[in-house]
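The values are calculated or read from the model by the stated rules, or taken from the named source; none is laboratory data. Please read these numbers as outputs of a predicted model, since none were measured by experiment. Because the Cβ atoms are built from the backbone with ideal geometry, glycine has one as well, and the counts that use them run over all protein chains shown. The area values use the complete protein model at the heavy-atom level, side chains included, leaving out ligands, DNA and RNA. Shrake-Rupley method; radii C 1.70, N 1.55, O 1.52, S 1.80 Å.
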Amino acid sequence: MAGFSMAEPMCLIENGKDGKLCVQPKAFKILEQIRQRVVVVAVVGHYRTGKSYLMNQLAGKRNGFALGATIQSKTKGIWMWCVPHPVKKDHTLVLLDTEGLGDVEKGDQKNDTWIFSLAVLLSSMLVYNSMGTINNEALQQLHYVTELTERIKVKSQQDEDEDESTEFLRVFPSFVWSVRDFTLMLELDGKPVTADEYLQNALMLKPGYSKAAQMYNLPRSCLRNYFPTRKCFVFDRPATTEKMRILDTLADADLDPSFVKQVREFCCHVFSTAESKTLKGGVHVTGTLLGNLVKIYVDAICSNQIPCLENAVLSLAQIQNAKAVAQAIDHYKAQMVERVAYPTESQEELSQIHRVVEKEALKILIDCSFKDDDQKYQQMLLQNLDKMYAEILIKNIEESKKVCESIIKHVFQPLEDQLSSGRYVSRGGYKTFCADIQRFINQYRSTSGKGVQAEEALKKYLDGKKAFQDSILTADQSLTEAERQIQAEQAKAQALEQQHRAEKEMNDIYEKLLKDQEQSHKELTQQLMEKMEEDRLNAAKEYDRMLAAKLKEQEDLLSQNFNERAELLQQNIDALKQEKRAMESNKPSFLGNILGTVGSVAMFLPGGVSKVVGVTSSLLSRFF
């Protein structure tokens, strides 16, 4: 399935003149429609540094995000452009272009920090765009990164001295520094270096604990500690000053070839390395989840609260899981309407359809839900499926009865006519009656489309004719008393056989319901185990990413002789390794807890024993 595509960008978060942030309903609705995973690339930086041009290039367009040719900032708030991801199948690329930081026309500069924080919270790759060089002034201008701990809470309750860098590493995006109009030679000490080495050198720390050293190191330490990976691109000036005013109208041939090449390399890097957006625990974010995440964060900011990662995930889980239940219920309901032709020829036919559709509904829930640790939403879905399936069973029985009654009326009409005429009240009439009724029974049974109540409906009809049969038997003067007694016993045996047929018909329904329960239990167990294994792998991947970032930082510290810092970092690394081992060793008990829950919710599964003696039994009892 191709990714969702917008013809042009639109405002996602408006930054009003009063300084209040507001999620735009139209953009929110678009995100709600995107069920695919999203790769979110956000660009931040000071105004008039060419952020929008890069985003247009990522969208594969010359125009889209507004490019300004004056000193005024064009982008206000955060704008969004959703396009199919050019590399990742079944992913949507969400591009976020943010309002320029440091805009002199803004009355309230504190919104800059909120815009920067939102870009960090929402993206899987953050592109920081600046002009000229990466020097101390450029890093001091990136003071927003040093304020993240004041703008983002990891947990609702946490110790003041708790290190948040590890938790930030879990969910923060990869970081790309884009340096525009770069005029220097990429050299250090007379030796050529890569752009990445240029950035790494700029982020080197100063030794000592003086105030000046601390101020110098603060933005550098934040970048090194908060963002799992860092990359740098330098760009030549694209064109002359005159052409820069019409940059969005120029073809590649009108631009500096080096700049064009650098832009292509930048785009290739973003497309190939930007991961899908995830939450803590490696939960993949869809467009729907992203929209709700935007709303949760903006609502918190507008309520003068600090966005909390833990609370956001819990709120998001509640919203998403409730939607997943509703979506699964709607799917079950729609598919059963589409696939079931009433009455089904047998209970097995209905059970097969139910099991297939139930499997699909469970998959929708398990694929779309997360953090349903107490299986609350699984139970909610299963209870609803239980009720809907019971209603379908009732309808199938009712429709079968109607059809059977219609067939019986048609097939046995000649018998009714003969009874009305009194033809059977004569010598030898009983033998003729028995032959006729057996012929009509055979004709009825050979008629298709009767459904699951064929024998029960026939039993009801034959029971209604017992008085006529008895009177015909009594009136037949051709029979001796002994022969009459034999015929009466045969009639009782035939009635008993019909009763057994009807009971077997009912028992078949119950047996199929028991098989439904067994299959439901197996299916839910299998899907839960697959989901848990996926979650475990995602969590392990998250730990590996954090450990890789910590080990790389430790290596850099040791190479710069910051042995004391490296030793402190080792404690953090050891703690992470221990957490990972605990997560992996807890796997069996975790599975055991889940399977225990599955066993306890079996009473809610469609077609279970509990239904036979409970819900379904009570609903079906008036028919049995």
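Computed quantities for the displayed model
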| read-out | value |
| --- | --- |
| Candidate set: region 358-375, residues that are of a type in the set (D, E, K, R) and either open to solvent by less than 20 Å² (accessible area, probe 1.4 Å) or at pLDDT 90 or above (or both); chosen: the one farthest from residue 536 (Cα to Cα) | 358 |
| Candidates 411, 452 - the one that is over 49 Å from the mean Cα position of the chain (by Cα) and surrounded by 18 or more Cβ atoms within 10 Å (Cβ to Cβ) | 411 |
| Selection status of residue 554, part of a helix (DSSP H, G or I) and surrounded by fewer than 13 Cβ atoms within 10 Å (Cβ to Cβ) | no |
| In region 5-26, residue surrounded by the fewest Cβ atoms within 10 Å (Cβ to Cβ) [restricted to those that are within 26 Å of residue 84 (Cα to Cα), in contact with a Lys or Arg (Cβ under 9 Å, 6 or more places away or on another chain) and of a type outside the set (Val, Ile, Thr)] | 8 |
| Neighbours by Cβ (under 7 Å, 6+ apart or cross-chain): first from region 524-541, farther than 19 Å from residue 357 by Cβ and open to solvent by 30 Å² or more (accessible area, probe 1.4 Å); second of a type in the set (Lys, Arg) and part of a helix (DSSP H, G or I) | 536/587 |
| Residue match in region 289-310 (condition: in a helix (DSSP H, G or I), touching a Phe, Trp or Tyr at 6+ places or on another chain (Cβ under 6 Å) and open to solvent by 10 Å² or more (accessible area, probe 1.4 Å)) | yes |
| Residue among 261, 280, 231 that is touching a helix residue (DSSP H, G or I) at 6+ places or on another chain (Cβ under 7 Å) and surrounded by fewer than 18 Cβ atoms within 10 Å (Cβ to Cβ) | 280 |
| Residues of region 399-430 that turn out to be assigned to a helix (DSSP H, G or I), of a type outside the set (Lys, Arg) and free of Cβ contacts under 8 Å to residues at least 12 places away in the same chain, as a count | 7 |
| Answer residue from region 268-277, given it is more than 22 Å from residue 540 (Cα to Cα) and not aliphatic (A, V, I, L, M) and is surrounded by the most Cβ atoms within 10 Å (Cβ to Cβ) among those | 271 |
| Condition met for residue 607 (on the phi > 0 side of the Ramachandran plot and either at pLDDT below 50 or loosely packed, with under 13 Cβ neighbours inside 10 Å (or both)) | yes |
| Matching residues, region 343-354, being crowded, with 18+ Cβ neighbours inside 10 Å and in contact with an Asp or Glu (Cβ under 8 Å, 6 or more places away or on another chain) | 343, 347, 351, 354 |
| Condition met for residue 348 (touching a residue at least 40 places away in the same chain (Cβ under 8 Å), closer than 18 Å to residue 507 by Cβ and not aromatic (Phe, Trp, Tyr)) | yes |
| Unique residue being in contact with a Lys or Arg (Cβ under 7 Å, 6 or more places away or on another chain) and either free of Cβ contacts under 8 Å to residues at least 40 places away in the same chain or not acidic (Asp, Glu) (or both) when the list is 453, 443 | 453 |
| Count of region 469-493 residues which are among the hydroxyl-bearing types (Ser, Thr, Tyr) and in contact (Cβ under 8 Å) with a residue 12 or more places away in the chain | 2 |
| Residue check for residue 335: of a type in the set (S, T, N, Q) and at pLDDT 95 or above | yes |
| Residue in region 558-569 that is nearest to the chain's Cα centre (by Cα), counting only those that are without any contact (Cβ under 8 Å) to a residue 40 or more places away in the chain and open to solvent by less than 60 Å² (accessible area, probe 1.4 Å) | 569 |
| Scope region 323-339; condition out of contact with any Ser or Thr (no Cβ under 9 Å at 6 or more places or on another chain) and open to solvent by 10 Å² or more (accessible area, probe 1.4 Å); matching residues | 326, 327, 329, 330, 331, 333, 334, 335, 337, 338, 339 |
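Okay, residues lined up against (1) open to solvent by 10 Å² or more (accessible area, probe 1.4 Å); (2) at pLDDT below 80; (3) within 21 Å of the chain's Cα centre (by Cα):
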position: 33; (1), (2), (3): yes, no, yes
position: 45; (1), (2), (3): no, no, no
position: 59; (1), (2), (3): yes, no, no
position: 92; (1), (2), (3): no, no, yes
position: 123; (1), (2), (3): no, no, yes
